[in-house]
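S.K.: The following block contains the structure, expressed as structure tokens.
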Amino acid sequence: MSQVYQFLRHRLGLGIFEYLAQKKRVPVHSCTHFYFLGGMALFLFSVQIVTGILLSLYYKPSPDQAFESVRAIMTEVDFGWLMRSAHSWSANLLVGILFLHLLTTYMMGAYRKPRELIWCTGVLLLGLFLAFGFSGYLLPWNQLAFFATRVGTAIVGVVPVVGDELLLIARSGEDVTGDTLARFYALHVVVIPLCTFALLAMHLFMVQEHGMSVPRCATERLGRDEEFPSMPFVPHFLMRDMVGWYLALGLLAALAAIFPWELGEKAEPFGSAPEGIKPEWYFLFMFQLLKLLPAHIGPFEGEVVGVLFFGVCGAIVLCVPFLDRGPRSRQILNGLALLSVVFFIVMTAWGWFSRPDQLVLRVALAGFLTFLVTVLAVPFVAPGTPKRQALYGLIGLSLVGCLVALGWDAFR
Amino acid sequence: MRRCPRDIGLILVLMAVLAGFAAAQSGATSPEEETTSQEEVSQETASQEEASQEESTSVLPEGYSCVVCHSKAGELWSEETPVVEEQDVVTDLHWQKGLLCHDCHGGSPEIAQFKNHRDDPDFRSVRSRGAIPAFCGHCHSDISYMRQYNPSARTDQEAEYWTSGHGLRLKASMEAAEAADTDARQGARAPQDADGNEAVEEGSGETQATLPGEDGGAPEEQGGEGEVPLDLAVATCVDCHSHHNIRAIKDTNSPVFPTHVGETCARCHSDEKLMAGRFYNDRPLRHDQYEMWRNSVHGIALLEKGDLSAPTCNDCHGNHGALPPGVDSVANACGTCHGKVAKLFAGAQMKHKFEEAGLPGCATCHGNHETREPTDDMLGMGDQSICQQCHNQDNPQLGATLAGAETARAMRTQLEELKQEIGAAESKIQEAERLGMMVQGPRFDLREAFDALTEARTQVHSFQLEPLQAALGEGLQVTAKVQQTAEAALREHTRRRIWLASSLIPLVIVVGILLLFIRTLPTANSVS
């Protein structure tokens, strides 16, 4: 075995990897476990690739066959149901992990010089994974996906100046048709993956080059980066990372077996839109705001304002490393980030339970999401301080609120 | 610190620029668009002016003779002259085809050549209702004339009309009136001959618009018992089609468009006063048919669901040759739509039994005008069943047998068996769906069982158990197969859980080993 390795080592130049593995170290502090989120995202992406390749062996990207081929995958292909459910669940988990990765990276201030481009490539990767989700949503060609894509692509059409052209490009025509399906398939399996691989390579290379960032709070508490206790990446961190991967794999298998991803009814382009049509959960905050906006805001159309708002928000998120130029601007950015998180939680809960009679459930979901986010914030606040106490209070409040709302809904 | 306001300013400038783009996109109107809009407005105004000019322009040639008397603006119009203004007839199909007054009424359209109607041999008068069919038939029975307008036009409406209940009654009444008129004239001549008085003017006894029975009242009996009643208040062409506002049958505003046929017939047939004293085949005419039909499965389908294929009056009774279907032809009338059922009934021994008993086929069980949606409760020997009304064990009617009662009971029992099996299969499919399993295939297959149930219900009309059992057998095969598939899906669900549990065990073991291994590693602080 050793001889085979030595054979390959000399020919493939594996020595550089040995060097990097030996050199790479991971700082140890109260927020170290957030480093696992990146590895978790990478693991889920690899699950996406494997299950995606297996699905593509059977999937037929045409309006006449797409739905039937997915149904055949789920009913006739051995473990096809597992592949599709794992693909869909891992996609959703991946986006969720990426949101958390983005949030914790921001909270750790890991975008600081010289890691600005790591942040930028990471934000762009998040955008690409959202595009993965949007393009993949249409592929089963079911009712919900068809009409959600029609609504989603229509939003592109309200972009000022180039909206009509963008809409034509997105749909490959005036409406969502078989051409759109072919286009989305090409995007999903060729264009977006190639862009993702390129950006991911840059992202990982820069992470390797600059090493793990130490959060501001830890720096302030313990001193400069070099003085930090750290552990080797191999095997200390890798072993811990692998624990996370296995747990994620188990979670995926459980979700796929207990909650198989449903297929719905085949799309009927000339039929009426199904009731309660909504996009995937990670687009709900945008969808809900656009729904709530009035037709006109001053001299502007409501949808145009909404699209511009999200465009500006995206640009600000992308430019965070360049906008953070000192404590004052950081305070402003922190305020905006807090507002964004609150906005995301409220709009997602509202969009998920959008019926007026679901107000209690809306509160429950908002409470649960607040609980998750506040728990994430704990390591960033020094223990024993009033801020930490306030945070505990908020955690308790959100959890109690969630449980009370759930109980109320169950017994009313 | 001093840079921050500038940063915020940059953001605001960026937002303002994007907002400017939005304003340009949504609010502003380009000069080209404005020009187009103005052009559209001016074109629309011009077309409206043209339309109003067209509306105000008469299609009648100058010096058209009819308007002189029959238009209120005419020079010779008087209170006694019937008025027909041009705007009253513009929606008429004939008018739209270019036919003017003289094309139907004859006479000369030119004022210079006008003759008094009485002196004009070309003038076609409508002096009584009895003349209306021939008046319309002048063109509509002439294929060489009708071909000009429609190569496949029917020309048998008038001939059909004279065979209808309306036509027969009208013809008999006209003949009776003519005979009475002849008698009156002969009666008048005798005194003349005897007394040397002036001769009665020819035509003075001609049937006029106030003939007995034509005012909407009950028909008068002429002569003694068994004489034909003098009844001119029967429907003719104009009663259904109108006279100067005749529309195409496909016109949804036409009184003979399917959704209006019932109302049109009801104008007379729901008039209790008009129907009073009138008989058909020695049975008094009813006046509640329309109400009954409107609440029937057919009426609801046509009037509420908008199903134009649902039958209305003329679909069973005929239109120009309208007559109630006879006892032996009811099944044929129903069979025009319910073909398979009618065929089964025609081949059944029960049909002959019905005919012998004078029962009107389908209508015996399903009713005629008030046809309700059939239910399985009509079958069998239950309280609500139709079968038990004759096949009653205690009091059999019309020669009904107890063997028939057994057949009916068996039919119902076996139908219920298939329904139960369908319910069970449906329940298993729903259970599998609830658990997230894919069961669209068996759900689709289950439709075949519903088809078999429908077929079995149809086979009831053969009044034989075997064909019904054959249909039910196919349905039961389908339900058995569907239940097997649904059960397989449920087993698959259980298998997946077992698979999940068995796959999680090695995962947990691996995680445990990893954690143990991690514990053996030196702590972070001790790693340099």
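The values are calculated or read from the model by the stated rules, or taken from the named source; none is laboratory data. A quick note: this is a predicted structure, and the numbers were derived from the prediction, not measured. When we count neighbours, we look across all protein chains shown, and the Cβ atoms used for this are built from the backbone with ideal geometry, even at glycine. Just the protein is used for accessible areas: all its heavy atoms, side chains included, with ligands, DNA and RNA removed. Shrake-Rupley method; radii C 1.70, N 1.55, O 1.52, S 1.80 Å.
S.K.: Heavy atoms only, probe 1.4 Å: what % of the accessible area of segment A:63-130 goes to carbon and sulfur, would you let me know? Could the numbers behind the result be given before it?
M.R.: Working: 1660 of 2550 Å².
Carbon and sulfur together cover 65 percent of it.
S.K.: Continuing with the same structure: Note every residue of segment A:68-116 with a reduction of at least 10 square angstrom in accessible area, all protein chains present versus the isolated chain, computed with a 1.4 Å probe, or write none.
M.R.: With the partner chains in place, segment A:68-116 has these residues losing at least 10 Å²: A:ARG71, A:MET74, A:THR75, A:PHE79, A:TRP81, A:LEU82.
S.K.: Using protein heavy atoms only (no ligands, DNA or RNA), what is the total accessible area buried between A and B, 1.4 Å probe, nearest 100 Å²? All intermediate terms of the calculation are to be shown ahead of the outcome.
M.R.: Working: alone 22610 and 34560 Å², together 53450 Å².
Roughly 3700 Å².
S.K.: Still on this structure, I have one more. Under 24 Å Cα-Cα from A:LYS278, which lysines qualify once same-chain neighbours fewer than 8 residues away are excluded?
M.R.: Those lysines meeting the cut-off are A:LYS266, A:LYS291.
S.K.: Residues with amide H under 5 Å of B:TYR280's amide H, sequence separation 5 or more or different chain, H placed in the peptide plane at 1.01 Å from N; which?
M.R.: B:LEU285
S.K.: Average the reciprocal distances over every distinct pair of alpha-carbons in segment A:1-120, invert the result, and give the Kirkwood radius in Å.
M.R.: Values: mean 1/r = 0.0554 Å⁻¹.
Taking the inverse mean of 1/r over all distinct Cα pairs, segment A:1-120 comes out at 18.1 Å.
S.K.: Take B:GLU355 and B:SER152, extend 7 Å from each Cα along the Cα→Cβ direction, and tell me the distance between the two endpoints in nm.
M.R.: 3.4
S.K.: Please enumerate, by chain and number, the lysines with C-alpha under 18 Å from the C-alpha of B:LYS343, excluding those fewer than 8 residues away in the same chain.
M.R.: Cα-Cα hits under 18 Å: B:LYS351, B:LYS353.
S.K.: Also, quick follow-up: Based on the Cβ-Cβ distance from A:SER272 to B:GLN430, what FRET efficiency comes out when R0 is 25 Å, to the nearest 0.05?
M.R.: On the way: r = 24 Å, r/R0 = 0.98.
It comes out at approximately 0.55.
S.K.: Same structure again: HN-Hα J couplings of segment B:495-506 from phi, Karplus 6.51/-1.76/1.60, θ = phi - 60°, integer Hz, Gly and Pro as x?
M.R.: My calculation for segment B:495-506 gives 4, 5, 5, 5, 4, 4, 4, 5, 7, 6, 4, x Hz in order.
S.K.: Here is a further query. Using θ = phi - 60° and the Karplus curve 6.51 cos²θ - 1.76 cosθ + 1.60, what whole-Hz ³J(HN,Hα) does each residue of segment B:234-243 get, with Gly and Pro shown as x?
M.R.: 9, 5, 10, 3, 5, 5, 9, 9, 6, 10
S.K.: Kirkwood hydrodynamic radius for segment A:160-302: how many Å is it when counted over pairs of different Cα atoms? Can you show the working numbers first?
M.R.: Working: mean 1/r = 0.0465 Å⁻¹.
Result for segment A:160-302, one decimal place: 21.5 Å.
S.K.: Hey, how much of the P(r) for segment A:249-396 falls beyond 28 Å, as a percent of Cα pairs?
M.R.: On the way: 4392 of 10878 pairs.
The answer is 40 percent, as a whole percent.
S.K.: Just from its helices, what would the mean residue ellipticity at 222 nm be for the protein assembly as shown, if runs of 4 or more DSSP H residues each count -39500 (n - 2.57) and the sum is divided by every residue, rounded to the nearest 500 deg cm²/dmol? Write down the numbers at each step before the final one.
M.R.: Details: 41 runs with 573 residues, N = 940.
So the calculated ellipticity at 222 nm is -19500 deg cm²/dmol.
S.K.: Binning at 20 Å from 0, report for chain A what percent of all alpha-carbon pair distances ends up in each bin.
M.R.: Reading upward from the zero bin: 22, 56, 21, 1.
S.K.: Based on the Cβ-Cβ distance from A:LEU339 to A:ASP78, what FRET efficiency comes out when R0 is 51 Å, to the nearest 0.05?
M.R.: Numbers: r = 49 Å, r/R0 = 0.96.
So, using R0 = 51 Å, E works out to roughly 0.55.
S.K.: Inverting the mean 1/r over all pairs of different Cα atoms, compute the Kirkwood radius of segment B:371-436 and quote it in Å. Show your work: numbers first, answer last.
M.R.: Values: mean 1/r = 0.0729 Å⁻¹.
Value: 13.7 Å, from the Cα pair sum.
S.K.: With the Cα gyration tensor of segment A:242-318 in hand, convert its eigenvalues to equivalent ellipsoid semi-axes via √(5λ) and list them largest first in whole Å.
M.R.: Numbers: eigenvalues 241, 108, 15 Å².
Equivalent ellipsoid semi-axes, largest first: 35, 23, 9 Å.
S.K.: So, one more: Which one of A:TYR282, A:TYR58, A:TYR35 has the biggest mean-square fluctuation once chain A is modelled by GNM with Cα springs under 10 Å?
M.R.: In the Gaussian network model the winner is A:TYR58.
S.K.: Now for a separate question. Compute the Rg/Rh shape ratio of segment B:279-426: radius of gyration over Kirkwood radius, all on alpha-carbon atoms. Please report the intermediate quantities before stating the final value.
M.R.: Values: Rg = 17.2 Å, Rh = 17.2 Å.
Looking at segment B:279-426, the ratio lands at 1.00.
S.K.: Where only protein heavy atoms count, and the probe is 1.4 Å, what is the accessible area per residue for segment A:252-387 in Å²?
M.R.: Heavy-atom SASA per residue in segment A:252-387 reads 53 Å².
S.K.: Give me, ordered by chain and number, the residues 5 or more places off B:LYS115 or on other chains with an amide H under 5 Å from its own placed amide H.
M.R.: B:SER108
S.K.: Give the dimensionless ratio obtained when the Cα radius of gyration of segment A:88-232 is divided by 2.2 N^0.38 Å.
M.R.: Numbers: Rg = 19.5 Å, N = 145, 2.2 N^0.38 = 14.6 Å.
Cα-based Rg divided by the globular estimate yields 1.34.
S.K.: To continue, here is another question. Just to verify a number: FRET efficiency for A:SER2 and B:ILE513, C-beta to C-beta distance, R0 = 22 Å, to 0.05?
M.R.: Details: r = 23 Å, r/R0 = 1.07.
Computed FRET efficiency for A:SER2 and B:ILE513 comes out at 0.40.
S.K.: Okay, moving on. What translational D, rounded to a whole number of µm²/s, comes out for the protein assembly as shown from Stokes-Einstein when the hydrodynamic radius is the Kirkwood one over Cα pairs, at 20 °C and 1.002 mPa s? Kindly include the intermediate steps, with their values, before the conclusion.
M.R.: Values: Rh = 37.8 Å.
Approximately 57 µm²/s, per Stokes-Einstein.
S.K.: Continuing with this model, one more query. Can you give me the distance in nm between label points at B:ALA403 and A:ARG9, each placed 7 Å from the Cα along the Cα-to-Cβ direction?
M.R.: In this crude spin-label approximation the distance works out to 10.0 nm.
S.K.: What ³J(HN,Hα) values, in whole Hz, does the Karplus curve 6.51 cos²θ - 1.76 cosθ + 1.60 give for segment A:44-59 when θ = phi - 60°, with x put for Gly and Pro?
M.R.: So the Karplus estimates, Gly and Pro as x, are 5, 5, 5, 4, 4, 5, 5, 5, x, 4, 5, 5, 5, 5, 10, 6 Hz.
S.K.: Oh, and also: Could you list, in their original order, any pairs among B:LYS115/B:LYS171; B:LYS250/B:LYS273; B:LYS305/B:LYS340; A:LYS23/A:LYS113 whose Cα atoms are separated by more than 26 Å? Walk me through the numbers on the way to the answer.
M.R.: On the way: B:LYS115/B:LYS171 31 Å; B:LYS250/B:LYS273 32 Å; B:LYS305/B:LYS340 24 Å; A:LYS23/A:LYS113 21 Å.
Violating the 26 Å Cα-Cα cut-off are B:LYS115/B:LYS171; B:LYS250/B:LYS273.
S.K.: Which cross-chain or sequence-distant (5 or more) residues have an amide H under 5 Å from the amide H of A:ILE297, H modelled 1.01 Å from N in plane?
M.R.: A:GLY302
S.K.: While we're on this one: With the cut-off at 20 Å, report for segment B:402-496 the share of all Cα pairs above it, as a whole percent. Don't skip to the answer; put the middle values down first.
M.R.: Details: 1813 of 4465 pairs.
When all Cα pairs of segment B:402-496 are counted, 41 percent exceed 20 Å.
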